[in-house]
1. On the given criteria, is Asp46 among the acidic types (Asp, Glu) and either closer than 22 Å to Ala131 by Cβ or touching a helix residue (DSSP H, G or I) at 6+ places or on another chain (Cβ under 7 Å) (or both)?
2. Among Met77, Met101, which is the only one that is farther than 21 Å from Arg47 by Cα and either touching a strand residue (DSSP E or B) at 6+ places or on another chain (Cβ under 6 Å) or hydrophobic (A, V, I, L, M, F, W, C) (or both)?
3. Does region 79-96 contain at least one residue that is over 30 Å from Thr39 (Cα atoms) and surrounded by 15 or more Cβ atoms within 10 Å (Cβ to Cβ)?
4. Can you report the number of residues in region 31-78 which are of a type in the set (A, V, I, L, M), exposed (fewer than 12 other Cβ atoms within 10 Å of the Cβ) and more than 29 Å from Leu104 (Cα to Cα)?
5. Mind checking which residues of region 121-130 are more than 11 Å from the chain's Cα centre (by Cα) and not hydroxyl-bearing (Ser, Thr, Tyr)?
6. Within region 117-164, how many residues turn out to be assigned to a loop (DSSP other than H, G, I, E, B) and among the charged types (D, E, K, R)?
7. Could you check region 131-164 and list, in sequence order, the residues that are over 18 Å from the mean Cα position of the chain (by Cα) and of a type in the set (Val, Ile, Thr)?
8. Taking only region 165-175 into account, find how many residues are over 17 Å from Leu112 (Cα atoms) and assigned to a helix (DSSP H, G or I).
Amino acid sequence: MDASWVAAIASVASAFVVGVAAIAALLQIRHIRNANEITIYLHLVDRLESANANIVFSSFEDFASKLQTGQSLRYRMTQPQPVPEFQEIETLLRFFDNLTMLVLTSTITERLILRKYGNEIERLWDTLAEAVYLRRYGIPHFASAYEHLAMRAKDAIVSGEIDRFYGRLKQDRGMAGITAPERPR
């Protein structure tokens, strides 16, 4: 065997090692990205399961009905100044707006958000869309990104994607035999 064959074999081996190292680096980057996504998701869950979020989720329908009848409230919503009755709801909408930016930039996977909170996102939008549009007169682009997420949630619901996901969970072999406790009658 002459030196050219040895050099060729060494080159192929080097290319193989470089290829394996590149694949390992990509897997490591994916692993780090998944860890970051989990951290973001856990912060999201903490925020959306908090007492403040529960208060807002239970009160936004009352606000929407007040908005329908209150001309003064409708006028104040079009102004840039804060509206005290809307302040907690506005904070939640801004949070969803920021969350949508994370989804749009692929920092967090959209399916994580939609499968867990899709129904609430869509219900919140359906109830408060008019308030958001009024608020945009005073604050341009208010909740514009959130509107995008709400439309994606609506698509996921209408397409049955969320129902199929929970249907697969119910058929999971690991869940077989585990039933919910019966409700008292």
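The values are calculated or read from the model by the stated rules, or taken from the named source; none is laboratory data. None of these values were measured; they are calculated from a predicted model. Ideal geometry is used to build each Cβ from the backbone, glycine not excepted, and the neighbour counts take in all protein chains shown.
1. No, not satisfied.
2. Met77
3. Within region 79-96, one or more residues are over 30 Å from Thr39 (Cα atoms) and surrounded by 15 or more Cβ atoms within 10 Å (Cβ to Cβ).
4. Of the residues in that region, 0 qualify.
5. Within region 121-130, Glu122, Arg123, Leu124, Trp125, Asp126, Leu128, Ala129, Glu130 meet the criteria.
6. Residues in region 117-164 being assigned to a loop (DSSP other than H, G, I, E, B) and among the charged types (D, E, K, R): 0 in total.
7. The answer is Val132, Ile139.
8. The qualifying residues number 4.
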